[in-house]
1. Residues in region 118-160 that are farther than 15 Å from LEU106 by Cβ and crowded, with 19+ Cβ neighbours inside 10 Å: how many?
2. Testing ILE68 on (1) modelled with pLDDT under 95; (2) open to solvent by less than 50 Å² (accessible area, probe 1.4 Å); (3) touching a helix residue (DSSP H, G or I) at 6+ places or on another chain (Cβ under 9 Å); (4) assigned to a helix (DSSP H, G or I), one condition comes back false. Which one is that?
3. Provide a single number: the residues in region 41-97 that are more than 18 Å from the chain's Cα centre (by Cα), over 27 Å from SER132 (Cβ atoms) and among the aromatic types (Phe, Trp, Tyr).
4. Of (1) basic (Lys, Arg); (2) in contact (Cβ under 8 Å) with a residue 24 or more places away in the chain; (3) out of contact with any Asp or Glu (no Cβ under 6 Å at 6 or more places or on another chain), ARG70 satisfies all except one. Which?
5. As an exercise: evaluate ALA31 against (1) among the hydrophobic types (A, V, I, L, M, F, W, C); (2) touching a helix residue (DSSP H, G or I) at 6+ places or on another chain (Cβ under 9 Å); (3) more than 24 Å from PRO148 (Cα to Cα); (4) open to solvent by 40 Å² or more (accessible area, probe 1.4 Å) and give the number of the one condition it does not meet.
6. Output the residue which, of all residues in region 71-97 that are part of a loop (DSSP other than H, G, I, E, B) and open to solvent by 40 Å² or more (accessible area, probe 1.4 Å), is nearest to GLY32 (Cα to Cα).
7. What single numbered condition from (1) assigned to a helix (DSSP H, G or I); (2) farther than 25 Å from TYR50 by Cα; (3) open to solvent by 40 Å² or more (accessible area, probe 1.4 Å) fails to hold for GLN111?
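The values are calculated or read from the model by the stated rules, or taken from the named source; none is laboratory data. Quick caveat, the model's predicted, so the values are computed rather than measured. Positions of Cβ are backbone-derived with ideal geometry, glycine not excepted, and every protein chain shown enters the neighbour counts. Calculation scope for accessible area: heavy atoms of the full protein, side chains included, ligands and nucleic acids excluded. Shrake-Rupley method; radii C 1.70, N 1.55, O 1.52, S 1.80 Å.
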Amino acid sequence: TIYIIYSRKLETKNRRLYDQIQAGMRSQQKAGQALAAAPVETLTREAELYRSLNKLMQEERLFAQSEIDRKYLADRLGTNEKYLADAIRQESGGETVSAYIARLRLQYALQLLEKHPELTLEAVATESGHASYSPFYRAFGKMYGMSPSEYRRLSMKKEM
């Protein structure tokens, strides 16, 4: 009886988390679209750099390269590391460069988990730029409050 009650509570909690993750993803997508659509003359230099960074990261999926770092990104954008870090911090609500990259990796992992159920969790981890499954699992749990396999299970249920 206790196990059944615990299982139901856990299932309810995970469904709620899943719905929150989906709502957060939609919100971030809308914010990104709004930034991309904003006229250049209305943007600050930091916002323009952040928009260029987002475009570069999405087009080339640079976040999926496990060796990506702040220096490489600054060089690609033709700016210095400090200015890039300041632009990310200002435009993302205080994120560091590594937190920004980690967030993009986890968001991409969510997409892979939903759209490619045939991929193993290890493949999802490496495809999304994580060095191995273990750090991916820890980061996923910390960010979303559930395991990647539980997220996949819930996303497959939602499709049915």
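1. Total satisfying the criteria: 1.
2. Condition (4) is where ILE68 drops out.
3. Residues in region 41-97 being more than 18 Å from the chain's Cα centre (by Cα), over 27 Å from SER132 (Cβ atoms) and among the aromatic types (Phe, Trp, Tyr): 1 in total.
4. Looking at each condition in turn, ARG70 falls short on (3).
5. Status for ALA31: all satisfied but (2).
6. GLY93
7. Unmet condition: (2).
Every residue, every condition in (1) under 30 Å from LEU43 (Cα atoms); (2) modelled with pLDDT under 95, yes or no:
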{"site": "ALA87", "(1), (2)": "yes, no"}
{"site": "GLY93", "(1), (2)": "yes, yes"}
{"site": "TYR100", "(1), (2)": "yes, no"}
{"site": "LEU106", "(1), (2)": "yes, no"}
{"site": "ALA125", "(1), (2)": "no, no"}
{"site": "ALA131", "(1), (2)": "no, yes"}
{"site": "SER147", "(1), (2)": "no, no"}
{"site": "MET156", "(1), (2)": "no, yes"}
